[in-house]
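*Asks:* Let me begin by handing over the structure; questions about it come next.
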Amino acid sequence: MSCMSRKKSHLIGLTGGIASGKSTVSRYLQEQGYPVIDADALVHALQAPGGRLFLVLQEHFGEAILTPEGELDRHRLADKLFQDATAMAWSQKVQGAIIREELAKARDQALKHHAVVFMDIPLLIEQDYVTWFDAIWLVSLSEEKQLTRLLARNPLTKEQAKARIASQMPLAEKRAYASLVIDNNGSKKATLAQVKKALKTLK
């Protein structure tokens, strides 16, 4: 569905980088009553036992990526993907196609009922979702703060954290695609003040 086919609804993509603060913005939008389709939450549901992604991952990688309880071990899967370029390429192609299909379903359903819909997609630009949106909001911060916040949030070594940040397009490059850049270098209050101001332009 192209932007041209939506006459009344407004679809906004929310993106950033790992540990950029995008989740904070997403939660605030929901608190303000806006529908937010969370790509990560959708993926987690699809990766639950019996889900579409769970089945294809289990078939491709075998029992090695499962916990003793038979659930997907996301940390083990992530390590495998980040250490193996071939596995990462396969994942991006196969998982990516399924995720795109499911996100499109969720998008179309939400647009039937809401004038403004947000979609929280971490790899919105890298995975070519740009043309879906009427506007793209980017949550951005410096590389130094991004690394510091990722290390504080996840049990990673500095080298592992740098590798995960490096696997994504630099936030500086993403700015070229953004309709709005939300600066998250400061306090949470300062960040949300920018979001509040942007929301006023939608009304």
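*Asks:* Per residue of the range 55-62, what does 6.51 cos²θ - 1.76 cosθ + 1.60 with θ = phi - 60° give for ³J(HN,Hα)? Whole Hz please, x for Gly and Pro, Karplus curve as stated.
*Replies:* 5, 6, 5, 5, 5, 7, 9, x
*Asks:* Can I ask one more? So how much slack lies between residue 32 and residue 181, counting 0.36 nm per residue of separation and subtracting their Cα-Cα distance, in nm?
*Replies:* Length gained, residue 32 through residue 181: 51.7 nm.
*Asks:* Check which residues have an amide H placed less than 5 Å from residue 168's amide H, if you skip close sequence neighbours.
*Replies:* Counting only residues 5 or more places away or on other chains, the set is empty.
*Asks:* Further question on the same structure: Build a GNM of the chain with springs between Cα atoms under 10 Å: which of 44, 114, 75 gets the top mean-square fluctuation?
*Replies:* 75
*Asks:* Let me ask something additional. List the residues whose amide H sits under 5 Å from the amide H of residue 16, counting only those 5 or more places along or on another chain, with H placed 1.01 Å from N in the peptide plane.
*Replies:* 124, 139
*Asks:* Tell me which residues come under 5 Å, amide H to amide H, from residue 10 once H is placed; ignore anything under 5 positions away on its chain.
*Replies:* 116, 117
*Asks:* Can you tell me, using C-alpha contacts under 8 Å and at least 6 residues apart, the relative contact order of the chain as a whole percent?
*Replies:* Across the chain, relative contact order equals 36 percent.
*Asks:* If you build the Cα gyration tensor of the chain and take the root of 5 times each eigenvalue, what three semi-axes come out, in whole angstrom, biggest first?
*Replies:* With the √(5λ) rule applied to the chain, the semi-axes are 28, 22, 15 Å.
*Asks:* Can you flag which of 93/196; 145/197; 105/200; 93/188; 145/203 are past 31 Å Cα-Cα?
*Replies:* 93/196; 93/188; 145/203
*Asks:* Ignoring any ligand, DNA or RNA, what whole percent of the accessible area of the range 52-203 comes from carbon and sulfur when the probe is 1.4 angstrom?
*Replies:* 53 percent
*Asks:* In the range 27-134, which trypsin sites (Lys or Arg not before Pro) fall in coil by DSSP and have 13 or fewer other Cβ atoms within 10 Å?
*Replies:* 112
*Asks:* Let me ask another. Which of rounded, prolate or oblate describes the range 161-203 when judged by the alpha-carbon gyration tensor and an a/c cut-off of 1.5?
*Replies:* oblate
*Asks:* Shifting gears a bit: Which FRET efficiency, nearest 0.05, do residue 154 and residue 104 yield, Cβ-Cβ r, R0 35 Å?
*Replies:* Efficiency computed from Cβ-Cβ geometry: 0.70.
*Asks:* Per residue, what accessible area does the chain have, given a 1.4 Å probe and all protein chains present, in Å²?
*Replies:* Heavy-atom SASA per residue in the chain reads 55 Å².
*Asks:* Can you work out the Karplus-derived ³J(HN,Hα) for every residue in the range 187-203? Use 6.51 cos²θ - 1.76 cosθ + 1.60 with θ = phi - 60°, whole Hz, and x for glycine or proline.
*Replies:* So the J values, rounded to whole Hz, are 7, 4, 4, 5, 5, 5, 5, 5, 5, 4, 5, 5, 5, 4, 6, 8, 8.
*Asks:* At 4 °C and 1.567 mPa s, what whole-number value in µm²/s does Stokes-Einstein give for the translational diffusion of the range 40-129, with Rh from the Kirkwood sum over Cα pairs?
*Replies:* Taking Rh from Cα pairs, D becomes 91 µm²/s.
*Asks:* Tell me the Rg and the Dmax, in Å, that the Cα atoms of the range 94-188 produce.
*Replies:* 15.4, 45
*Asks:* OK, next. From the phi of every residue in the range 116-122, what ³J(HN,Hα) in whole Hz does the Karplus formula 6.51 cos²θ - 1.76 cosθ + 1.60 yield, where θ is phi - 60° and glycine or proline is x?
*Replies:* Values, residue by residue: 10, 10, 9, 10, 8, 10, x Hz.
The values are calculated or read from the model by the stated rules, or taken from the named source; none is laboratory data. Remember, predicted model here, so these are calculated numbers, not experimental data. Every residue, glycine as well, gets a Cβ built from its backbone with ideal geometry; the counts of neighbours run over all protein chains shown. Remember, those area values only see protein heavy atoms, side chains included, never the ligands or the DNA or RNA. Shrake-Rupley method; radii C 1.70, N 1.55, O 1.52, S 1.80 Å.
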